[in-house]
Amino acid sequence: MLRFPMNLPAEIHRVDAAATGDSRVARGPLVIMAHGLLAIAADRRNGFTIRSPLGELNAEQVEEVLRRWSAPATAND
């Protein structure tokens, strides 16, 4: 997985196909949006994504990004 910069501009989007389809919930640095998404109840997270210039992340991918930020850097980083 790509190593995302913490300060990357990002947006949390709510995906609701039954209603309007998609709406932006919040905008800011990826690190804040990641913690914001994971603050949502686990059973509701699938209805949200984080979008950035480097791509779109679901809740599971956001958890992995946070793990990578918390781990010591390696020669491969």
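Brief remarks follow.
- Rounded to 10°, Cα long-axis angle of helix 30-39 versus longest principal axis of the chain: 60
- GNM result for the chain, Cα springs below 10 Å: residue of I50, I32, I40 fluctuating most strongly: I40
- Max mean-square fluctuation residue, GNM over the chain, Cα-Cα springs under 10 Å, options R51, R27, R67: R67
- Label separation (R24 vs L8): 1.8 nm, computed from points 7 Å beyond Cα along the C-beta direction.
- Choice from A26, A42, A59 showing the highest fluctuation, given a GNM over the chain with Cα pairs closer than 10 Å: A42
- Principal-axis tilt of helix 59-70 within the chain, Cα atoms, nearest 10 degrees: 30
- Per residue, the chain reaches -8500 deg cm²/dmol at 222 nm when only DSSP H runs of four or more residues are counted, each adding -39500 (n - 2.57).
- Our compactness index for the stretch 9-70, the C-alpha radius of gyration over the empirical 2.2 N^0.38 Å, is 1.05.
No value in this document is a laboratory result; all are computed from the given coordinates. As the structure is a prediction and not an experimental result, all values here were calculated from the model. Positions of Cβ are backbone-derived with ideal geometry, glycine not excepted, and every protein chain shown enters the neighbour counts.
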